[in-house]
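Bear in mind that the values in this text are calculations on the coordinates, not laboratory data. This structure is a prediction, so every number in the text was calculated from the model and none was measured.
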Amino acid sequence: MLVVAVYGTLADLLSVASNKLGIKACNLYNGKGGLIDDIALIRDDDVLYVSEGDPFFDPQNDVRATDDRPGAHTDWLTLNIGGRLFTTTRSTLVSKEPESMLAHMFREKDVWGNKQDECGAYLIDRSPEYFEPILNYLRHGQLIINEGINLLGVLEEARFFGIELLAEQLEVAIKNNQPPEDHSLHLSQGVCSVSAGYTHQIRAPLSGT
């Protein structure tokens, strides 16, 4: 096991790992096989795995050659989401949310008859802008939205793909981002109403004398 201090960028960390291990480190995974694409996601005492581009496997339980169970595929695949390509692993799509549409689509190879483009990427006609936060959530389990991305759009995609836990997080985030209701106009109208009633009550007796 190699123990290193985490600092700088993800590229810096991969460079350190390459020098220390004598390999060309390309990918970094957490203990659950989630692809680390942002150094900010790394926590103290995390156990990380480095690869030269190969899919993740647990070195303590290497069953890559013999594990033929349904859903055990960890091979890489490419998604064509609205014309934009996303490369990920089958395990990323099926492990985090096993009851989601994506999990059902890719748990078994070609069970759904998924359409592919001329390069072999699986075609899904959805918004790539809103899909990216969903894929990152499936990779590392955290909701990270870049500035300028509409939360409602991401929520709609999460619902479409049946990712219920993420949809709940987005609903809370949207609610927390709403500005507080402005009651100033209602209070002003209330004062005017009381004032007008009060004036009428004063004048009524005077007109009868």
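Report the full-extension gain for the segment ASP37 to ILE145: residue separation times 0.36 nm, less the Cα-Cα distance, to one decimal in nm.
Difference between extended and current length: 37.5 nm.
Report, by chain and number, residues whose modeled amide H sits under 5 Å from the one on LEU123, excluding near sequence neighbours (fewer than 5 apart, same chain).
Excluding prolines and chain starts, which carry no amide H, the hits are ASN80, LYS115, GLN116, ASP117.
Rg/Rh for segment 81-149 to two decimals, with Rh computed the Kirkwood way over all alpha-carbon pairs.
On the way: Rg = 12.3 Å, Rh = 12.8 Å.
With Rh from the inverse mean 1/r over Cα pairs, Rg/Rh is 0.96.
Please compute the length gained on full extension between THR78 and LEU21, using 0.36 nm multiplied by the number of residues separating them and subtracting their Cα-Cα distance. Walk me through the numbers before you get to the answer.
Working: separation 57, 0.36 × 57 = 20.52 nm, distance 2.89 nm.
Full-extension gain reported as 17.6 nm.
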